[in-house]
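The values are calculated or read from the model by the stated rules, or taken from the named source; none is laboratory data. Everything quoted here is computed from the prediction, not taken from an experiment. Every residue, glycine as well, gets a Cβ built from its backbone with ideal geometry; the counts of neighbours run over all protein chains shown.
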Amino acid sequence: MLGHEIQDLKRISTWFRDLPGEKGFDEVLSSLNRMVITSSQDEVYRAKLAGQEEIWINIGNCLDEFSEAVTSIPEIKDCSVRIVRGIVLLARNLAVHDKKITQELSIVTKSINTFNNLAAVSSHSDMKAALYLTMLEFFCNAFKSVPDVTEVDFNNLTLFLLYPLEEDMDISREERFLVLLNILASQENSLSRMLKSGDSLDVFSTVIVREILLKTLEISASNDHSAHQNFPSRTLLAISVFKKFVCHESFAIYILSLQANDEQRLLNYLKASQLVLTSTSDWNNHELTGIMTWCLATLKNLNYDVQRYFKLEQDSEDHALPLHQKLLATLDILTALSQFEQVRQYMSFYNGIEVIIDILRCLHENAIRFQIIRSTAGQVSKIKAFNNMGRRIEDPEKFKKRIDSVTGKINATNFPECKLLLVEVLSFLVFEQTKAQDAVREAGGLQLILSNCLIDDNDPFIKERCITCIKFLLQNNTENQNIVRDLEAQSVVQDDALEAAGLQVSLDSSGKLFINEPRE
């Protein structure tokens, strides 16, 4: 019934074998063109072709002959690439109907080898780009609904995926590429192999993370934080792939390795994670555990880095900026995820509360508290600076590296908004959780949070957040209530309003407050 098509495919196979001659090109192109067009338009014809094993055998033979020719002749002309693209177009059409045959006969593997061989011996061209995109469509059709891509050589597939990056093709704009990555990431076996392959992760970070970060920058520029709801389909595909990666247990090994080897790539991952993880709420417990595996480990490493930064007394914007950005992104992720019971239990079990208290204490002791007074026109008229004991810092030289005195912009060297997020995470963790409330008390966190119940432009609204956190810490917890009740004031910070009135505040030996007129 399909003898004519089989003979046409055999004729094409012979034509490839006789390369580099071009004799008969118009004839093979005409017969192939007829099969491609009819199979794309006639469902009955397409189903008949797809169900014939001999058709697939001959498609494979054509690919083998071309691949062999590529390695043995000095130059491959566009006309032959055009013919092999027609073969792949035919395979793409037929793969919609019969995925089993394409898998069993390794047609996908033959296609990948064919392209990789071509890429190795010839320079990039528009025809090669067209062939590449057609192969993407074929692979998507072949892999779709297949539970495991076992017949494909993963190293060759990775080499194929790397091609557009090496040739500087703007593949992130190509939806077909993202569809293929999403299909591969949906299969446990291929996802595990991708996460263990440095080259595959190069593809992932370059294409997927870049697409997400571009959208993050667009949102930041527009100040429209609901814009992620209207992302184009390619960005939604990138996000889908990204979520599969960051939830996998092997992702932790990779991202932790970046902390020692590639700080910029780590920061890119954290920024992309910040956008994706804070705008999604449909997580299951397995996914949350996968995320927390690397997120808490990252926070522990950042704790070490922040402590070391202040110990060295650097006050260097170059060193502080990436550290501040990584800490902000990680804390923002934790703020969003700490609303889930699974995350709260994970943080409690793996000493996440103690890590948060450590960082909060370090920032409390080293960050300067600012009050920025502005004129009605919005210009900075006065800056008040205080240390962790609440005492005024009068010498501007001591804080000029922490704030721009003209604009009032607080520099990364003072880690703005980090304490705020730390307190917010704690609030979620301790809400109606006695064990977590006790852990905060045992780590000395009660006094620390009370000490931050102050207005601070470095951490806007931290006073209100601390009051909420204290409320949750005291709820149904007698020991915490007793600690707060027994706290005594250790020193007094003079109030501007009282000073202006010619009064000062003092303590007696029992800790009671007195307001006196200052001595002459």
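Things worth noting here:
- Among the candidates Ile73, Ile37, residue that is touching a Pro at 6+ places or on another chain (Cβ under 6 Å), exposed (fewer than 15 other Cβ atoms within 10 Å of the Cβ) and farther than 24 Å from Thr158 by Cβ: Ile73
- Selection within the range 230-262 - more than 14 Å from the chain's Cα centre (by Cα), of a type outside the set (Gly, Ala, Ser) and in a helix (DSSP H, G or I): Asn230, Arg234, Ile253, Gln259, Asn261
- Condition met for Ile372 (under 37 Å from the mean Cα position of the chain (by Cα), hydrophobic (A, V, I, L, M, F, W, C) and surrounded by fewer than 21 Cβ atoms within 10 Å (Cβ to Cβ)): yes
Residues checked against (1) free of Cβ contacts under 8 Å to residues at least 60 places away in the same chain; (2) loosely packed, with under 15 Cβ neighbours inside 10 Å; (3) out of contact with any His (no Cβ under 6 Å at 6 or more places or on another chain):
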{"site": "Leu302", "(1), (2), (3)": "yes, no, yes"}
{"site": "Lys311", "(1), (2), (3)": "yes, yes, yes"}
{"site": "Ser316", "(1), (2), (3)": "no, yes, yes"}
{"site": "His319", "(1), (2), (3)": "yes, no, yes"}
{"site": "Asp332", "(1), (2), (3)": "no, no, yes"}
{"site": "Ala336", "(1), (2), (3)": "yes, no, yes"}
{"site": "Phe340", "(1), (2), (3)": "yes, no, yes"}
{"site": "Val343", "(1), (2), (3)": "yes, no, yes"}
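- Residue within the range 372-380 that is within 22 Å of Val430 (Cβ to Cβ) and touching a Ser or Thr at 6+ places or on another chain (Cβ under 9 Å) present: no
- Counting the residues of the range 361-403 that are touching a residue at least 60 places away in the same chain (Cβ under 8 Å) and in contact with a Lys or Arg (Cβ under 6 Å, 6 or more places away or on another chain) gives 3.
- In the range 280-297 there is at least one residue that is over 13 Å from the mean Cα position of the chain (by Cα), of a type in the set (D, E, K, R) and modelled with pLDDT of 90 or more.
- In a residue-by-residue description of the range 57-66, the property of being touching a helix residue (DSSP H, G or I) at 6+ places or on another chain (Cβ under 6 Å), over 21 Å from Val44 (Cβ atoms), modelled with pLDDT under 90 and assigned to a helix (DSSP H, G or I) applies to no position.
- The set of residues in the range 101-133 that are in contact (Cβ under 8 Å) with a residue 40 or more places away in the chain, hydroxyl-bearing (Ser, Thr, Tyr) and crowded, with 20+ Cβ neighbours inside 10 Å comprises Thr102, Ser111, Thr114.
- If the condition is being buried (at least 21 other Cβ atoms within 10 Å of the Cβ) and at pLDDT 85 or above, then the range 161-173 contributes Leu161, Pro164.
- Close pairs (8 angstrom Cβ cut-off, 6 or more residues apart or separate chains): assigned by TED's automatic domain parsing to the domain that holds Ile449 in the range 421-434, in a helix (DSSP H, G or I) and among the polar types (S, T, N, Q) anywhere: Leu421/Thr335; Glu424/Thr335; Val425/Thr335; Ser427/Thr468; Phe428/Thr335; Leu429/Ser348; Val430/Gln437; Gln433/Ser348
- Considering residues of the range 332-388 that are polar (S, T, N, Q) and in a helix (DSSP H, G or I) only, the residue nearest to Gly290 (Cα to Cα): Gln342
- Residue in the range 251-266 that is at pLDDT 85 or above, under 19 Å from Phe340 (Cβ atoms), in contact with a Ser or Thr (Cβ under 9 Å, 6 or more places away or on another chain) and buried (at least 16 other Cβ atoms within 10 Å of the Cβ) present: yes
- Flag for Ile462 being more than 19 Å from Arg344 (Cβ to Cβ) and either touching a strand residue (DSSP E or B) at 6+ places or on another chain (Cβ under 8 Å) or hydrophobic (A, V, I, L, M, F, W, C) (or both): yes
- The requirement of being over 35 Å from the mean Cα position of the chain (by Cα), at pLDDT 90 or above and closer than 25 Å to Arg34 by Cβ is fulfilled somewhere in the range 94-114, by at least one residue.
To keep it simple, each residue is scored yes or no on (1) at pLDDT 55 or above; (2) within 25 Å of Leu328 (Cβ to Cβ); (3) among the acidic types (Asp, Glu); (4) not in a loop (DSSP other than H, G, I, E, B).
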{"position": "Asp457", "(1), (2), (3), (4)": "yes, yes, yes, no"}
{"position": "Lys463", "(1), (2), (3), (4)": "yes, yes, no, yes"}
{"position": "Ile470", "(1), (2), (3), (4)": "yes, yes, no, yes"}
{"position": "Gln481", "(1), (2), (3), (4)": "yes, no, no, yes"}
{"position": "Val493", "(1), (2), (3), (4)": "no, no, no, no"}
{"position": "Ser509", "(1), (2), (3), (4)": "yes, no, no, no"}
{"position": "Glu520", "(1), (2), (3), (4)": "no, no, yes, no"}
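- If you go through the range 87-100 and keep only what is buried (at least 20 other Cβ atoms within 10 Å of the Cβ) and not charged (D, E, K, R), you end up with Ile87, Val88, Leu89, Leu90, Ala91, Asn93, Leu94, Ala95.
- Of the residues Glu68, Glu43, Glu27, the single one that is surrounded by 15 or more Cβ atoms within 10 Å (Cβ to Cβ) and either in contact (Cβ under 8 Å) with a residue 12 or more places away in the chain or not small (Gly, Ala, Ser) (or both) is Glu68.
- Residues of the range 310-317 include none that is in contact with a Leu (Cβ under 8 Å, 6 or more places away or on another chain) and part of a helix (DSSP H, G or I).
- Among the criteria (1) modelled with pLDDT of 85 or more; (2) within 19 Å of Leu236 (Cβ to Cβ); (3) surrounded by 20 or more Cβ atoms within 10 Å (Cβ to Cβ), the one Arg176 does not fulfil is (3).
- Single residue of Asn480, Asn458 found to be assigned by TED's automatic domain parsing to the domain that holds Ile368 and either in contact with a Pro (Cβ under 8 Å, 6 or more places away or on another chain) or over 20 Å from Arg361 (Cα atoms) (or both): Asn458
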